[in-house]
Amino acid sequence: MLAESLALSAVLFTIGVIGVLTRRNAIILFMCVELMLNAVNLSFVALSKLYGATGQVFVVMVMTVAAAEAAVGLAIIIAIFRHRQSVDLEDINLLKG
Amino acid sequence: MLYDLAIPAQLTAALLPDLLLMGGAMCLMLLAAWKRDSAHHQRTVGYASLGLLTAVFGTVAWMALRHDATNTGGVIAVDGFRFLVDLVVLLGAAGTIALAIEHNDRDGITQAESHVLVLFAASGMMILAAARDLMVVFLGIEIMSVAVYVLAGLDRRSPRSAEASLKYFLLGAFATGFLLYGMALIYGATGETQLNRIGNAVGSLQLAKDPMFLVGCGLLLVGLGFKVAAAPFHMWAPDVYDGAPTPITAFMAASVKAAAFAAFLRIWFEGFYFGWAGWANATWWLAVVTMVVGNVVALQQKNIKRMLAYSSIVHSGYLLVAVTAASAFASTAFTFYVLAYTLATFGAFAVVATMQPAGTTDARIADYEGLWHVRPWLATAMGVYLLALLGFPVFGGIGFFAKWYLVQAALASPSRLSALAVILVVTSVISAGYYLQVVRAMFMQPRPADAPAPPAAGVLTRTVMVVTAALILALGLFPSQLVAITKDNGFRPYPFSPALQMGLPQMDPLANK
């Protein structure tokens, strides 16, 4: 099962990366990042079957931090929406050069 | 004092400065929320934060002077390297808050919690300096980053500030994904998360050519490359540095980078030392690309904040040379360089913050033309900072020696990175193009008749400028004392391995091939 879990985790991570690189909506980008983090969680859980509980402790840490990051991230997205009435990255182009 | 980190009371004692800063920051957060936002309350919380930082600074200095250490493994490092990085980070946080108190006043930002967020970020940085476990590295990076995401968007009325915050957040979270996946693969390859155990596993299992370990290293390198803004992962840095309030830009350019690099260095030297043959090529190229790209793009900048952003990218490249050199001397050169860079960056951004018209984030290099004729001291100070960043002898003070030691570290490293040293020197010469352009504009051009007089700097901003300039010049005159300190409190790569007993300079990682 270990190899399959790691392969699935790699596939999920890649989907997340492709999503971040191709999509232009800030919320969807953020969801893709969460997908990447959860792919990593899967790896940790799978590996901890081999090495003991450390991997599972790591997963709890990752989930806690992801929640904190979501709180801050969504607040930032709301802040940008108030300025531009859009969360499309094509419209967010004041800083260039 | 010698700590045994397996005993909870001693672990707590070893974390005293970190706990003091975190606890104090939480109390100050309550103080910040106690009263309605006002300019006066913002200043009160700012001064209280400066007081807390002084107390933590004293605690760290006291522990460093006692030569606190630990002879066991464990998740927290107690060594001179940690204390030196802590001191540099605390210096940076104090500089940020000092600049921010007056900057907030001028731009009408009344959120008192802005200073507390700097304290939280600084506590994350101190954790990073101490981390000897991948889990602690991750927590440190996130405590630091989440606070700094908010700080970048501090100016709520400015769309530029909000945009900087969004860009920093999205790319930072993206980088966190890579960082974590790298950690998962390292855990998969070695079965450990503690750096010294990873180091032993890499050595005993001969992992330098193991694909899982190398992919893990690579992903970790990408993640940390984003955090320290190394090319080609630097795209966010100029935009974010440009849009964020100037004191926060200084904080991001100097302290965030210093702390992320401290963790970088510790992971690579303690955990991956025996994998040198596997990862050295990757850091070598990362260093070269960062130095070349940063310098070439910096030459074309018209905005001084963007110019300094690219300059900070270039300095990441220089610091990557120390990582690649992987020796005890490289870590000495690293701490020396980080201190020099922090001082010069804070000085330069203090001048930029002063020169900026209130309520704008725009800062053109053209605004500095003929500054010498209206504000000679301001121009002189800016000249010192820029020459220090350039690494100019005498007038650049400490900056010259910082670069000199880096070159020496590259040349003295077991692997003889002569090509890297040559590229470092050549790109430094190129960097004269943009640093001296500002110096020339300030001293050799007439002040345009229609240029507005630059506003007077506040007391705190002036203090930051005087202290940084004085330290740059004074330490430039007596660099050997500082080197002795950085060496004595030295951080030895991989302190728990046979490599230490054998003496590192003789130890050639390439010989394992």
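Using the C-alpha gyration tensor of the stretch A:2-91, what are the square roots of 5 times its eigenvalues, in whole angstrom, with the largest one first?
Semi-axis lengths for the stretch A:2-91 are 31, 16, 5 Å.
Taking amide H positions as placed 1.01 Å from N in the peptide plane, with prolines and chain starts having none, which residues 5 or more places from B:ARG364, or on another chain, fall under 5 Å of its amide H?
B:ILE304
Between 0 and 90 degrees, rounded to the nearest ten: what's the tilt of helix B:80-107 against the longest Cα principal axis of chain B?
20
Which cross-chain or sequence-distant (5 or more) residues have an amide H under 5 Å from the amide H of B:THR70, H modelled 1.01 Å from N in plane?
Here B:TYR3, B:VAL78 satisfy the definition.
HN-Hα J couplings of the stretch B:154-162 from phi, Karplus 6.51/-1.76/1.60, θ = phi - 60°, integer Hz, Gly and Pro as x?
Result, ordered by residue: 4, 7, 5, 7, 9, x, 5, 5, 4 Hz.
Excluding same-chain pairs closer than 8 in sequence, count the lysine pairs in the protein assembly as shown whose Cα atoms lie under 23 Å apart.
Eligible lysine pairs with Cα atoms under 23 Å apart amount to 18.
Using the Karplus curve 6.51 cos²θ - 1.76 cosθ + 1.60 with θ = phi - 60°, work out ³J(HN,Hα) for each residue of the stretch A:2-18 in order, rounded to whole Hz, and write x for Gly and Pro.
4, 4, 5, 4, 5, 5, 4, 4, 5, 5, 4, 4, 5, 4, x, 4, 4
On a 0 to 90 degree scale, rounded to 10, what angle separates helix B:304-325 from the longest Cα axis of chain B?
Between the helix axis and the principal axis of chain B, the angle is about 20 degrees.
Mean shadow of the stretch B:314-369, computed from the convex hull of its alpha carbons, in nm²?
Over all viewing directions, the stretch B:314-369 projects a mean Cα-hull area of 4.8 nm².
May I ask for the distance between the Cα centers of the stretch B:354-405 and the stretch B:146-193, given as a whole number of Å?
The stretch B:354-405 and the stretch B:146-193 have Cα centres spaced 31 Å from each other.
Cut-off 16 Å, label point 7 angstrom out along Cα-to-Cβ of A:ILE78: give me the residues of the stretch A:21-46 whose amide nitrogen falls inside.
A:27
Say each of B:ALA9 and B:MET235 gets a label point 7 Å from the Cα, pointing the same way as Cα to Cβ; how far apart are those two points in nm?
About 5.5 nm separates the two model spin labels.
Under 18 Å from a label point 7 Å along Cα→Cβ of B:LEU2: give me every residue in the stretch B:188-218 with its amide N that close.
none
I need the phi-derived Karplus couplings for the stretch B:60-65: 6.51 cos²θ - 1.76 cosθ + 1.60, θ = phi - 60°, integer Hz, Gly and Pro marked x.
5, 4, 4, 5, 5, 5
When Rg is the radius of gyration of the Cα atoms in chain B and Rh is its Kirkwood radius, what does Rg/Rh come to?
Using Cα coordinates only, the ratio equals 0.96.
Can you tell me what percent of all Cα-Cα pairs in the stretch B:376-470 are more than 22 Å apart?
Roughly 43 percent, rounded to a whole number.
Hey, with R₀ at 45 Å, roughly what FRET efficiency would A:ILE28 and B:LEU477 work out to, going by the Cβ-Cβ distance, to 0.05?
0.20
When a/c reaches 1.5 or more, the comparison of a/b and b/c decides; with that in mind, is the stretch B:55-119 rounded, prolate or oblate per its Cα gyration tensor?
Prolate.
To the nearest 10 degrees, how steeply does helix B:16-34 sit against the main Cα axis of chain B, on a 0 to 90 scale?
Here the helix axis deviates by roughly 40 degrees.
What do you get when you divide the Cα radius of gyration of the protein assembly as shown by 2.2 N^0.38 Å, with N the number of residues?
0.91
Around B:GLY73, what is the net charge, scoring Lys/Arg as +1 and Asp/Glu as -1 over all other residues with Cβ under 14 Å from its Cβ?
Summing Lys and Arg as +1 and Asp and Glu as -1 gives -2.
Each reported figure results from applying straightforward, stated rules to the coordinates on display, with no laboratory input. Since the structure is predicted, the reported quantities are computational estimates derived from the model, not experimental observations. Cβ atoms come from the backbone with ideal geometry, glycine included; neighbour counts cover every protein chain shown.
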